[in-house]
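Below: one structure, written as structure tokens.
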Amino acid sequence: MFTGLIEEVGVVRRLESGPEGGRLNVRAKTVLEGTKIGDSIATSGACLTVIALDPEGFVVECMPETLARTTLGQAGPGSIVNLERSLRWGDRLGGHLVLGHVDGVGEVLNVRRAGIAWEVRVSLPDELRGAVAAKGSIAIDGISLTVIRVDAEAFEVGIIPHTLKETTLRAVRAGLRVNLEADVLARYVLQSLQALAGGGGSSAPGAGTGSLSGGGLTEEFLREQGFA
């Protein structure tokens, strides 16, 4: 489990991949402190297990699912990745609870200046529709951020200068693909509502904005269940 507060931006040394998975070799410094083989490091939002360490970095293994469902499958030498060591009990929780389980990949649609910050609009994959709410939390490439606005097609977050400087969002631009993880509470609430609605309890957060797979979540259904 993580907080979404990035400790360091690492640099990919190489990715060795094949049909059975791959190994990602990352140059790092800060996250090496106290880390041992078998520990978890969130790498641009994906929780990965350290299998090797050296004075200048670490190696993690990636399942085929990880390579296929996150942006790490396209990583190459020189790619930058956000890094965070797993949360320890008693640590200060400054972001929100992030599991390191990527729900889907979005695309940056627009970036605009808003006072001291930048507002970033990101496409909303089918897997996250219904699981993203204004003023709620979302992890973008492992970064804990607050949603400003959301509609049927996309959502927007605000990025302060410190976050731009200290994370991979320093390179944010239209067309950039990013890993997304919905807030864990939203994920489980939607799955529970889907089960109540007879939607089969799919692990996907939702199939459409304000609805669940098969259209099971409606205003009438919510009223019957005491939610409206």
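The values are calculated or read from the model by the stated rules, or taken from the named source; none is laboratory data. No experiment lies behind these values; they were computed from the predicted model shown. Cβ placement follows ideal geometry from the backbone for every residue including glycine, while neighbour counts extend to all protein chains displayed.
For the range 128-145, taking the residues that are more than 20 Å from residue 165 (Cβ to Cβ) and buried (at least 22 other Cβ atoms within 10 Å of the Cβ), the one that is nearest to the chain's Cα centre (by Cα) is identified as 138.
Assuming residue 148 fulfils every condition listed in (1) at pLDDT below 80; (2) in contact with a strand residue (DSSP E or B) (Cβ under 7 Å, 6 or more places away or on another chain); (3) surrounded by fewer than 17 Cβ atoms within 10 Å (Cβ to Cβ) apart from one, which condition is it? Failing condition for residue 148: (1). Taken over the range 133-146, the criterion of being touching an Asp or Glu at 6+ places or on another chain (Cβ under 7 Å) and either in the same structural domain as residue 70 (by TED's automatic domain parsing) or not in a loop (DSSP other than H, G, I, E, B) (or both) is satisfied by 137, 138, 139. Between 35, 49, the distinction of being surrounded by fewer than 19 Cβ atoms within 10 Å (Cβ to Cβ) and assigned to a strand (DSSP E or B) belongs to 49 only. In summary, residue 112 fulfils each of the numbered conditions (1) touching a residue at least 40 places away in the same chain (Cβ under 8 Å); (2) closer than 25 Å to residue 160 by Cβ; (3) not in a loop (DSSP other than H, G, I, E, B) with the single exception of condition (1).
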